[in-house]
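Worksheet: the structure to be examined is printed underneath.
Just so it is clear, none of the values below were taken in a lab; they were calculated from the coordinates. Predicted model only: the values in this text are computed from it and were never measured. Here Cβ is always computed from backbone atoms with ideal geometry, including for glycine, and neighbour counts include all displayed protein chains.
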Number of protein chains: 2
Amino acid sequence: MRLRRSKSVYVPGFKAGGIACGIKSGGVKDLSLIYSDLPAVAAGVFTRNQVRAPSVEYNQALLNRGRPVRAVIVNSGNANACTGPQGMRDCETVAQAAARALGVDPGEVLLASTGVIGVPLPTGRILHGLNHLVNHMASRSWPHAAEGILTTDLVPKMKSVEYTRARKKILIGGIAKGSGMIAPNMATMLGFLATNAAISPAALQKALSRANEDTFNRITVDGACSTNDLVLVLANGKAGNPRIQAGSGDYEAFVDALTTLCRDLAFMIVRDGEGATKFVTITVNGARSRAEAAVLGQAVADSLLVKTALFGADPNWGRIMGALGQAGVPFDPERVDIAFNRMPIVRNGHALPKASMAHLRKKMKCREIEISIHLHQGKAVCKTYTCDLSYDYVRINAEYTT
Amino acid sequence: MRLRRSKSVYVPGFKAGGIACGIKSGGVKDLSLIYSDLPAVAAGVFTRNQVRAPSVEYNQALLNRGRPVRAVIVNSGNANACTGPQGMRDCETVAQAAARALGVDPGEVLLASTGVIGVPLPTGRILHGLNHLVNHMASRSWPHAAEGILTTDLVPKMKSVEYTRARKKILIGGIAKGSGMIAPNMATMLGFLATNAAISPAALQKALSRANEDTFNRITVDGACSTNDLVLVLANGKAGNPRIQAGSGDYEAFVDALTTLCRDLAFMIVRDGEGATKFVTITVNGARSRAEAAVLGQAVADSLLVKTALFGADPNWGRIMGALGQAGVPFDPERVDIAFNRMPIVRNGHALPKASMAHLRKKMKCREIEISIHLHQGKAVCKTYTCDLSYDYVRINAEYTT
């Protein structure tokens, strides 16, 4: 199947928009919208943090009813989390006002928030901005929507994929945000995807969960899983394809395309990780199970000592051994192999001769680092994606205030 | 019981020393010794990292034999970890040479190493330095020993406690090192303690494990548990007290004194945490069990977002809620109370009125921060001690090289 990837987003039957409604200062965009001309099938994956924003609960309840959806409203600058019973009431207020502005049913509106925790949502500003937002939505306005959902991100994140199957052109487009508070296990970021495919609700949910597993669920910037994070996907069926059902060939093609899109967006989040200077892929191979490989990969990715060594361009494999040994997964240290950018440095748990260190140090200066770990215990493999830890991570997170 | 604490160390029947043998450059001390005139009862607690330095294995095997001990040899600048079969051979070589220089049996010598991982131990330099080290040991030379075990530490860590029981004066003195790679679950640091008490081996081991649990096991700088870490204690019986047995009143008095010493040394490690500008106590109260309180406390202490907020003097309780929610321990977010330096800021999971925030921000500028979390789920409590994360942590760990 030929998959075309694009930096711009256009999905037939969808409109998007983003405006500044005054939650953030300085006229920065902080309210976004995705709207479907037709009732759309919807699915979502949500944060596994126990402390969950009311918008997360709200969406899950709405999706559980299994009814079509028309719109997603997203604000940045305020997470509406830890805001007590008022938080859920504010969700309802925003959904109702958005439904009125769009001429749809309140039960057809999904919600998301990102920003500061514990401050009541300024619903007045959002309500005041909604008509303006609706008036300015357009099928080519995804870049505005991508801007309106950002917090500490330096760049908007937007991507689309396209493929043709049985002469029907399927498009999937999406926007995402995330820069800090990024860790595996969903979602620790926001992602909003839209497709013109016709697909059953069950197949869409299954496809999203599968795509998510190897992409958004495998990235970590700082090991922090947030209270608000979610990925939502809407499918409006405009492509006119035979409705995709789970398990079919059409389904596999759709999952492939969706996974590519999610991976592209997930990588954009890591590359924009707070203070990041390097994109790091950690492959744990030869594990007894994928789950164990994932735990070990995350332990290495989240080790402050490994992350700071990467920032210092130091091939400090001892810190990798230390992080692996601490992860709680049994393995034999005497069988571990480690390579940096395909150059072997550790075999059977100890260093290869020093000769290549000078060359390796040079290699470590590049922006893309691949750490390959082989446990020689089984056949399972898992990749984790992360970035280094720099002065700027500390600066950003010491200054960003409640 | 009156306990006298002192910054200097003198324990009857013990000598200590520290010299520069050339593992580190610039004539910095890197080889230390603690020696007992009499055969001493010994006990130890060791890292729970799966990747363990040969010195850790070596000591455990030796202590398991339950025979008296005469000396501990410690080098810094090289961890002798991940060094393959050569690592254990190097342990034996150093122990044999030290035994010869001291005129004791090789089976009476304990070992410890700290520093870079994966580089063979420069045994030649150590062997060359041993006679000099032995010639310069003295009962008042603990400060030299405290210096010789340091790596990135800024200050040597040394302390003693003294109490009298049934007219016998019991002293316990100790030195410690640790600055980065500090996390709970033993040991992530080195500690060497000596006492003149007469105590049974079983009681000494039990006392050390108990003292360790609330002190060295409850500190974290960067969540990294190292390959080499251990605390050893030697007891030579010179006080002439009736031999302490577990469970007795004498035993409880000894545990109290030992715990005080371990806590003082543990706090010195946190205060000297790499780049630390604040000493932070996290109390989790109202948990269902101490173990759960410990997991939650550590999750907050190790959260990069919490640590950087503390560096920025920002009372960002939302990040605390996020860290708690991610820890894998069930609790009701709607019942959580949080206070900073005894000023309540969160009640029942959401913020108290904003009025006090300005005052709180000022309070957050001080060097000692107390975060109190109450879950209202049970009666268990656990304290965790940590520091903030500053630019200097990143600098130190990006520059410290393999």
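For B:R342, B:R347, B:R125, A:R140, which order do you get if you count the other beta carbons within 10 Å of each Cβ and list the fewest first?
Fewest to most other Cβ atoms nearby, the residues stand as B:R342, A:R140, B:R347, B:R125.
Straight-line reach from B:K15: which lysines fall under 23 Å, measuring Cα to Cα and dropping same-chain residues less than 8 apart?
B:K7, B:K29, B:K157, B:K159, B:K168, B:K169, B:K177, B:K238
Using a/c under 1.5 as the rounded threshold, could you call region B:73-142 rounded, prolate or oblate? The axes a ≥ b ≥ c are square roots of the C-alpha gyration tensor eigenvalues, and prolate needs a/b larger than b/c, oblate otherwise.
Numbers: a/c = 2.14, a/b = 1.54, b/c = 1.39.
Prolate shape, in that a/c is at least 1.5 and a/b is the bigger ratio.
Mean-square fluctuation check for chain A, GNM, Cα pairs under 10 Å: which of A:S141, A:S289, A:S372 is largest?
Comparing A:S141, A:S289, A:S372 in a Gaussian network model of chain A, the most mobile one is A:S289.
When B:H374, A:H359, A:H350, B:H136 are ordered from fewest to most other Cβ atoms inside 10 Å of their Cβ, what list results?
Details: B:H374 19, A:H359 10, A:H350 22, B:H136 15.
Neighbour counts put them in this order, fewest first: A:H359, B:H136, B:H374, A:H350.
Just counting partner chain Cβ atoms within 10 Å, what average do the residues of peptide B:304-317 show around their Cβ? Present the calculation step by step, with values, prior to reporting the outcome.
Details: counts 14, 9, 2, 4, 11, 6, 1, 5, 8, 2, 6, 2, 7, 4.
Whole-number average of other-chain Cβ neighbours for B:304-317 is 6.
What are the aspartates and glutamates whose alpha-carbon lies under 16 Å from the alpha-carbon of A:K365, with same-chain residues fewer than 8 places away excluded?
The reachable aspartates and glutamates, counting only those whose Cα sits under 16 Å from A:K365, are A:D314, A:D388, B:E399.
To the nearest 0.05, what FRET efficiency results for A:N131 and A:K365 with a Förster distance of 51 Å applied to their C-beta separation? All intermediate terms of the calculation are to be shown ahead of the outcome.
On the way: r = 52 Å, r/R0 = 1.02.
The computed FRET efficiency comes out at 0.45.
Only loop residues by DSSP count here, and only those with at most 14 other Cβ atoms within 10 Å; note down the trypsin sites (Lys or Arg not before Pro) in region A:372-401 that meet that.
On the way: sites: A:K379, A:K383, A:R395; in loops: A:K379.
The qualifying sites are A:K379.
Only Cα pairs under 8 Å and at least 6 apart count here; give the relative contact order of region B:279-399 as a rounded whole percent. Before the final figure, lay out each step's value.
Details: 219 pairs, mean separation 57.3, N = 121.
This gives 47 percent for region B:279-399.
Do you know the relative contact order of region B:117-220, to the nearest whole percent, from alpha carbon pairs under 8 angstrom that are 6+ apart?
20 percent
Using a 10 Å cut-off on Cβ to Cβ distances, tally the other chain neighbours for every residue of B:117-127 and report the average as a whole number. Please list the in-between numbers first.
On the way: counts 9, 10, 4, 2, 0, 0, 0, 0, 0, 0, 0.
Average per residue, whole number: 2.
Please report the relative contact order for region B:60-181, taking Cα pairs under 8 Å with a sequence separation of at least 6, and give it as a percent rounded to a whole number. The partial results should precede the final answer.
On the way: 172 pairs, mean separation 30.1, N = 122.
That works out to 25 percent.
Tabulate in residue order the Karplus-calculated ³J(HN,Hα) for region A:277-289, using 6.51 cos²θ - 1.76 cosθ + 1.60 with θ = phi - 60°, rounded to whole Hz; enter x for Gly and Pro.
These are the phi-based 3J(HN,Hα) values: 10, 9, 9, 10, 9, 10, 9, 9, 10, x, 8, 6, 8 Hz.
For the ranges B:257-263, B:81-87, what's the packing order if you count other beta-carbon atoms within 10 Å of each residue, average per peptide, and put the highest first? Working shown, then result.
On the way: B:257-263: 23.1, B:81-87: 20.9.
In decreasing order of mean packing, B:257-263, B:81-87 become B:257-263, B:81-87.
Loop-only trypsin sites (Lys or Arg not before Pro) in region B:195-253, please: DSSP not H, G, I, E or B, and at most 15 other Cβ atoms within 10 Å.
Working: sites: B:K206, B:R210, B:R218, B:K238, B:R243; in loops: B:K238, B:R243.
Filter output for region B:195-253: B:R243.
Just need log10 I(q)/I(0) for the protein assembly as shown at q = 0.08 Å⁻¹, Debye formula, equal scatterers on the alpha-carbon atoms, no solvent, rounded to two decimals.
The Cα Debye sum returns log10 ratios of -0.71.
Let a ≥ b ≥ c be the square roots of the eigenvalues of the Cα gyration tensor of region B:295-402; is it rounded (a/c under 1.5), or, if not, prolate (a/b larger than b/c) or oblate?
On the way: a/c = 2.28, a/b = 1.37, b/c = 1.67.
Taking the square roots of the gyration eigenvalues as a ≥ b ≥ c, region B:295-402 is oblate.
Using a Förster distance of 35 angstrom, determine the FRET efficiency expected from the C-beta separation of A:H376 and B:E92, and round it to 0.05. Spell out each step's value before the answer.
Details: r = 28 Å, r/R0 = 0.80.
Taking R0 as 35 Å, the efficiency between A:H376 and B:E92 is 0.80.
Full extension from A:R2 to A:A358: what is 0.36 nm times the residue separation minus their Cα-Cα distance, to one decimal in nm?
Working: separation 356, 0.36 × 356 = 128.16 nm, distance 4.23 nm.
Gain on stretching A:R2 to A:A358: 123.9 nm.
Need one number: nm distance between label points at B:S25 and B:N348, each 7 Å from Cα along Cα→Cβ, rounded to one decimal.
Those two pseudo-labels are separated by 6.3 nm.
Would you tell me the mean number of C-beta atoms belonging to other protein chains that fall within 10 Å of each C-beta in A:73-83, as a whole number? All intermediate terms of the calculation are to be shown ahead of the outcome.
Working: counts 0, 0, 0, 0, 0, 0, 2, 0, 7, 14, 3.
Going residue by residue through A:73-83 and averaging, the value is 2.
Using each residue's phi in region B:208-219, evaluate 6.51 cos²θ - 1.76 cosθ + 1.60 at θ = phi - 60° and report the 3J(HN,Hα) Karplus result to the nearest Hz, with x for Gly and Pro.
5, 4, 5, 4, 5, 4, 9, 10, 4, 7, 10, 10
Pop out the ³J(HN,Hα) list for region A:367-372 in order, Karplus 6.51 cos²θ - 1.76 cosθ + 1.60 with θ = phi - 60°, rounded to Hz; leave Gly and Pro as x.
Values per residue, Gly and Pro as x: 7, 10, 10, 10, 9, 10 Hz.
Given a Förster radius of 25 Å and the C-beta distance between A:R243 and A:N64 as r, what FRET efficiency does 1/(1 + (r/R0)^6) yield to the nearest 0.05? All intermediate terms of the calculation are to be shown ahead of the outcome.
Values: r = 21 Å, r/R0 = 0.85.
Calculated value: 0.75.
Let me know the charge dipole size of the protein assembly as shown about its Cα centre in debye, to the nearest 20, where only the beta-carbon of Lys, Arg (+1) and Asp, Glu (-1) is charged.
Details: 94 positive and 62 negative charges, 37 e Å.
Charge dipole of the protein assembly as shown: 180 debye, to the nearest 20.
If a/c stays under 1.5 just call it rounded; otherwise compare a/b with b/c (prolate if a/b is bigger, oblate if not). Do that for region B:240-320, with a ≥ b ≥ c from the square roots of the Cα gyration tensor eigenvalues.
Details: a/c = 4.38, a/b = 1.95, b/c = 2.25.
It is oblate, given that a/c is not under 1.5 and a/b is not larger than b/c.
I'd like to know which of B:L3, A:P156, B:G84 lies farthest towards the positive end of the charge dipole of the protein assembly as shown, counting +1 on Cβ of Lys and Arg and -1 on Cβ of Asp and Glu.
Going by the charge dipole, the pick is A:P156.
Going by C-beta contacts inside 10 Å, put A:H128, B:H144 in order with the fewest on the left.
So the ranking, lowest neighbour count to highest, is A:H128, B:H144.
Calculate the dipole size of region A:279-399 relative to its Cα centre from +1 charges on Lys and Arg beta carbons and -1 charges on Asp and Glu beta carbons; express the result in debye to the nearest 20. Could the numbers behind the result be given before it?
On the way: 16 positive and 11 negative charges, 82 e Å.
The dipole of region A:279-399 has a size of about 400 debye.
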